[in-house]
1. Before we move on, is Leu216 in the same structural domain as Tyr303 (by TED's automatic domain parsing), free of Cβ contacts under 8 Å to residues at least 40 places away in the same chain and in contact with a helix residue (DSSP H, G or I) (Cβ under 6 Å, 6 or more places away or on another chain)?
2. Has the stretch 282-299 got at least one residue that is over 30 Å from Glu193 (Cα atoms), touching a residue at least 24 places away in the same chain (Cβ under 8 Å) and out of contact with any Cys (no Cβ under 6 Å at 6 or more places or on another chain)?
3. Farther than 19 Å from Asp168 by Cβ and under 24 Å from the mean Cα position of the chain (by Cα) - does that describe any residue in the stretch 296-316?
4. Quick check on Pro257: is it under 15 Å from the mean Cα position of the chain (by Cα) and in a loop (DSSP other than H, G, I, E, B)?
5. Kindly provide the set of residues from the stretch 140-178 that are within 22 Å of Leu216 (Cβ to Cβ) and assigned to a strand (DSSP E or B), ordered by number.
6. Given Ala265, Ala278, Ala269, which one is in a helix (DSSP H, G or I), crowded, with 20+ Cβ neighbours inside 10 Å and modelled with pLDDT of 95 or more?
7. Checking the condition in contact (Cβ under 8 Å) with a residue 24 or more places away in the chain and either over 24 Å from Val294 (Cβ atoms) or not in a loop (DSSP other than H, G, I, E, B) (or both), which residue from Ser245, Ser226 passes?
8. In the set Thr31, Thr26, which member is of a type in the set (S, T, N, Q), modelled with pLDDT under 80 and at negative phi?
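The values are calculated or read from the model by the stated rules, or taken from the named source; none is laboratory data. This is a predicted model, so every value here is computed, not measured. Using ideal geometry, Cβ is built from the backbone for each residue, glycine included, and neighbour counts are taken over all protein chains shown.
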Amino acid sequence: MYRRNTIVVQIEIRGRKKIMRLLFVTSGSDTYSNLDPNIVNGFKEIERLKRVEPFHFFYSMLSKNDDVQYQIKQNKPDVVLVLKRQLPADWIQSFNKHRIPIGLWVVDDPYLIKKHVLRGYHYDFILTQEINAPAFYEKRGMRAFYLPLAVNTSTYFPQEVESDYQSDICFVGSGMANRIRLLHQLGNCFVHETIRIIGRWWEPLQNQLGRNHFILNKPISAEEASKYYNGAKIVLNMHRNPYDSKHNPSRIQAATPNNRTFDIAACSAFQLTSYRKAISDFYQKDEIIEYQSVDDLVKKVEYYLVQSHERREIAKRAYKRTMNAHTYSVRLTDLIHLLKTKRLLS
């Protein structure tokens with residue numbers, strides 16, 4: 001894992017300007033999504049596939065303003081992109097002094113958008129994974145751009161798994177109120193099917209489900225999640241309620257699908273996902289199946305548990321789409337073009 005470090009990505013492009021440099025400051029946090037290493041691996045894939053002209057990585061610890069000064073003088077970044085962190089004011093001032101644009105990349109809008117706004121005033125622009133968020137920032141005088149998340153295919157991929165990972169129905173994620181209610185109802189409808197629930201905060205369901213229902217009440221690694229996805233006939237993808245946090249007081253609606261959507265599809269696993277308006281921007285109707293209500297979900301679970309061939313064909317189509325369009329190498333190529341188009345890079 002990458003902890004509390006800075007990764008300098010130097011992108012050399014032959015053209016009007018010989019070298020284009022991007023300084024990427026990692027979040028320094030270990031999360032289920034593994035964003036720091038996923039982004040690094042995505043840039044490595046770009047290098048391997050030559051999606052962008054040759055570029056190189058430079059790793060360095062960025063723990064004080066002296067380190068910032070070193071990076072400015074040594075690598076001369078054209079733009080700085082900070083993942084989730086609020087950098088100290090003197091660091092930001094150092095970049096501003098050298099007229100280097102600095103952006104904040106946030107990945108949990110709209111749930112924490114109130115916090116992100118307060119941080120964003122210190123940056124030149126914000127990069128957000130939620131399609132409805134840029135307009136909100138722009139009304140407050142900030143430049144904001146949309147870039148959805150993606151999948152690291154070295155972690156999420158089709159594989160054979162042991163019986164402990166196999167299930168009829170599986171959900172991996174935290175036990176938030178809307179999810180607890182839904183899985184309690186689903187458990188009552190599918191008493192004889194094997195249901196596996198993995199993640200934190202599932203205490204309210206511990207004694208509420210049947211003997212074929214199993215709860216692993218703790219966070220797991222991305223590698224473990226991949227195994228559970230591969231072992232399930234149906235993987236549930238229940239999005240968060242966009243209003244479950246006090247940090248979304250303006251009640252911004254969430255329209256973009258979560259990164260779990262891509263993770264599940266990359267395992268060639270069949271998923272039933274809660275409705276998100278923008279999911280049609282990523283998948284066709286015969287690649288990802290959405291549900292609109294509990295009753296709708298129950299009907300679709302009943303149907304697809306039996307229709308194994310149709311289930312596998314849908315999953316295969318989603319897998320193909322994901323490999324072609326929703327990997328981090330694709331997304332980060334889009335990022336580089338976005339930064340150039342918005343004139344944040346020369």
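1. no
2. Start the filter on the stretch 282-299 by keeping residues that are over 30 Å from Glu193 (Cα atoms), which leaves 282.
From what is left, the residues that are touching a residue at least 24 places away in the same chain (Cβ under 8 Å) are 282.
Still in the list and also out of contact with any Cys (no Cβ under 6 Å at 6 or more places or on another chain): 282.
Scanning the stretch 282-299, I find at least one residue that is over 30 Å from Glu193 (Cα atoms), touching a residue at least 24 places away in the same chain (Cβ under 8 Å) and out of contact with any Cys (no Cβ under 6 Å at 6 or more places or on another chain), so the answer is yes.
3. As a first pass, look at the stretch 296-316 and keep what is farther than 19 Å from Asp168 by Cβ: 316.
Now drop any that are not under 24 Å from the mean Cα position of the chain (by Cα), which leaves 316.
Yes.
4. yes
5. Ser167, Asp168, Ile169, Cys170, Phe171, Val172
6. The match here is Ala265.
7. Numbers: Ser245 fails: either over 24 Å from Val294 (Cβ atoms) or not in a loop (DSSP other than H, G, I, E, B) (or both).
After applying the criteria, what remains is Ser226.
8. On the way: Thr26 fails: modelled with pLDDT under 80.
Sole residue among the options that is of a type in the set (S, T, N, Q), modelled with pLDDT under 80 and at negative phi: Thr31.
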